[in-house]
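Colleague: Please see the structure below; I have some questions.
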Amino acid sequence: MSTVTATGSTPRDGGPDPELDEDLRTTAETIQADALRVRDIEEQKLALDADDPRISVLAEEAERIAERLLMETRIERQLAADQAAEAAGS
């Protein structure tokens, strides 16, 4: 069974796929950056008065990022499963 990475490549020598490792690392870094952005947004919201209209704008941004985080973590889970399957097949 051949594993295809997010970049569309497959390992050639049956060993660990460096592109799969890079895909996992890049995905993890993206998740971390998005999570930090959500934290920053929430800190900004806490500093505002409850009736400040910027809260709604910030909440919408946090929601968009959270939706993206869900997609990214699903991709990460699949990449990790692919990597585990590849390791088991080696």
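The values are calculated or read from the model by the stated rules, or taken from the named source; none is laboratory data. Just so it is clear, the structure is predicted and the values come from calculations on it, not from any experiment. FYI the Cβ positions are ideal-geometry reconstructions off the backbone, even for glycines, and counts take in every protein chain you see.
Colleague: Just the residues that are exposed (fewer than 12 other Cβ atoms within 10 Å of the Cβ) and either at pLDDT 95 or above or assigned to a helix (DSSP H, G or I) (or both), please, taken from the stretch 1-32.
Modeller: P18, R25, E29, Q32
Colleague: OK, next. When A88 is evaluated against the numbered criteria (1) closer than 16 Å to D17 by Cα; (2) surrounded by 12 or more Cβ atoms within 10 Å (Cβ to Cβ), which criterion, by number, is the only one it fails?
Modeller: It fails just one condition, (2).
Colleague: Mind listing whichever residues of the stretch 43-85 are in contact (Cβ under 8 Å) with a residue 40 or more places away in the chain and closer than 16 Å to T27 by Cβ? Walk me through it before giving the result.
Modeller: First, pick out the residues of the stretch 43-85 that are in contact (Cβ under 8 Å) with a residue 40 or more places away in the chain: 72-73, 75-76, 79-80, 82-83, 85.
Hits for the stretch 43-85 are E72, T73, I75, E76, L79, A80, D82, Q83.
For (1) under 17 Å from A33 (Cβ atoms); (2) modelled with pLDDT of 95 or more; (3) in a helix (DSSP H, G or I), each residue gets a yes or a no:
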| residue | (1), (2), (3) |
| --- | --- |
| D49 | no, yes, no |
| V57 | no, yes, yes |
| E61 | yes, yes, yes |
| I65 | yes, yes, yes |
| L69 | yes, yes, yes |
| A85 | no, no, yes |
| A88 | no, no, yes |
